[in-house]
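This report concerns only the one structure given below.
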Amino acid sequence: MRKKRYPLFLLLIFGRMSTAQIPDSIPGEYHLQGVMETASAILLKPDSTFEFYFSYGAMDRQGQGKWQFQNGKILLNSRPRPERDFALVASKAASDDFTTVKIVDSNQQILPFFETLVRTGSGEKYGKMNQEGTFQIPKTKATGIDLFFTLAPERYTSFPVNSEDNYFEFRIEPWIIEIFVENIALKPDKNGLTGAHPLLKGDAFSYEKMK
C-alpha cells in the first residue's frame, strides 16, 4: 500500500514547491510601452488567470486565460481558438446572374469591414462587402470562399464549395474579436515584463507595471 501512495505523495510535494516558486511581485497590471496609436495591457491575477486588452483605432479587443511561471518566464495561454470565425447559414442555387457572398449580423454598421475571396476555376475574385454586407460577381461556379475581418486582420476563415450553388450567406461568430494566445512568453524585469505580443510582430515588447 505504501508503494502505491509514494508517487502521489511526491506529486503533492513538487506541486507545492512549484507554487511556492512564483514570486509574489508578479501579479499586477502591465501596460504596453512604445507602440504608437496602440493601447494594450495585461492583468495578471493572483489566482493564475489573466485578462488581455488591446485597442487600435476604433477597435477594442479583449482576451483571457491562465498564466504560469516556468523557468523564470511567464507563459500565457487562453482557451483553444475555434476553427472558424464565421458560420455558413444558407447556401442555394439562386435564379439570378450573380454569385453572391453575404454576411448577416444584427450590427449592420460593422458589415462593410469584411472582405471576401471567391475562388473559381478561372481564378480568384477579391472584394469588400457593401453596406448591406454583400459582395457579388458575375455568375460562376465557386470552388471556395475565404472571409476576412479588416479590423482583426489575423482572423479569416476558408470554406470549400462542392456544389452548384451561387448564393452563400454567413453569420459572424461572437468570438471573432476575442484575443487568443498560445504560449506567449514574458520575462519579468525591474520595470515590468518584456516579450511577445499576441497581435504584434516581434518578441521584445516592454510592458510597464502600474504602481
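None of the figures in this text is laboratory data; all of them are computed from the coordinates on show. As the structure is a computational prediction, the values presented were derived from the model and not from experiment. Cβ coordinates were reconstructed from backbone atoms using ideal geometry, including for glycine residues, and neighbour counts include every protein chain displayed.
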Could you tally the net charge around Thr134, taking each other residue with its Cβ under 13 Å from the Cβ of Thr134, Lys/Arg +1 and Asp/Glu -1? -3
Amide H contacts under 5 Å for Thr143, restricted to residues at least 5 apart in sequence or on another chain and with H modeled in the peptide plane, are Arg119, Thr120, Gly121
Mind checking which of Gly65, Thr140, Gly127 is farthest towards the positive end of the chain's charge dipole, using Cβ charges of +1 (Lys, Arg) and -1 (Asp, Glu) about the Cα centre? Gly65
Sparse-neighbour loop sites [chymotrypsin sites (Phe, Trp or Tyr not before Pro); the range 109-181; at most 16 other C-beta within 10 Å; DSSP]: Trp175
Taking every other residue with Cβ under 14 Å from the Cβ of Ser91 and scoring Lys and Arg +1, Asp and Glu -1, one gets +1
What distance in nm separates the two pseudo spin-label positions at His31 and Glu208, each 7 Å out from Cα along the beta-carbon direction? 0.7 nm
To check my understanding: the extent here is largest minus smallest coordinate of the Cα atoms along each principal axis. What are those three numbers for the chain, in Å, largest first? 73, 54, 31
Selection from Phe170, Pro46, Leu193 lying farthest towards where the dipole of the chain points positive, charges on Cβ: Pro46
When only Cα pairs under 8 Å and 6 or more residues apart are kept, what is the percent relative contact order across the chain? 22 percent
So which GluC sites (Glu not before Pro) in the range 135-211 are both in a DSSP loop and have at most 10 other Cβ atoms within 10 Å of their Cβ? Glu154, Glu164
Please list 3J(HN,Hα) in residue order for the range 43-50, calculated via the Karplus relation 6.51 cos²θ - 1.76 cosθ + 1.60 where θ = phi - 60°; whole Hz, with x for glycine and proline. 10, 9, 8, x, 8, 6, 10, 9
In whole percents, the bins of 10 Å from zero upward hold the Cα-Cα pairs of the range 15-120 as 10, 28, 25, 18, 13, 6, 1
Dipole in debye (nearest 20) - the range 79-204, about Cα centre, beta carbon charges: Lys, Arg +1; Asp, Glu -1: 220 debye
Can you list the lysines whose alpha carbon sits under 24 Å from that of Lys66, skipping same-chain ones fewer than 8 residues off? Lys45, Lys187, Lys190, Lys201, Lys209, Lys211
Once both labels are modelled 7 Å past Cα along the beta-carbon direction, what's the Ser106-Tyr56 spacing in nm? 2.8 nm
Note down the magnitude of the dipole of the chain about its Cα centre, charges +1 on Lys and Arg C-beta and -1 on Asp and Glu C-beta and zero elsewhere, to the nearest 20 debye. 1380 debye
The correct pair for the range 69-158, radius of gyration to one decimal and Dmax as a whole number, both in Å and from Cα atoms, is 17.1, 63
Summing -39500 (n - 2.57) over every DSSP H run of at least 4 in the chain, dividing by its residue total and rounding to the nearest 500, the 222 nm mean residue ellipticity is -3000 deg cm²/dmol
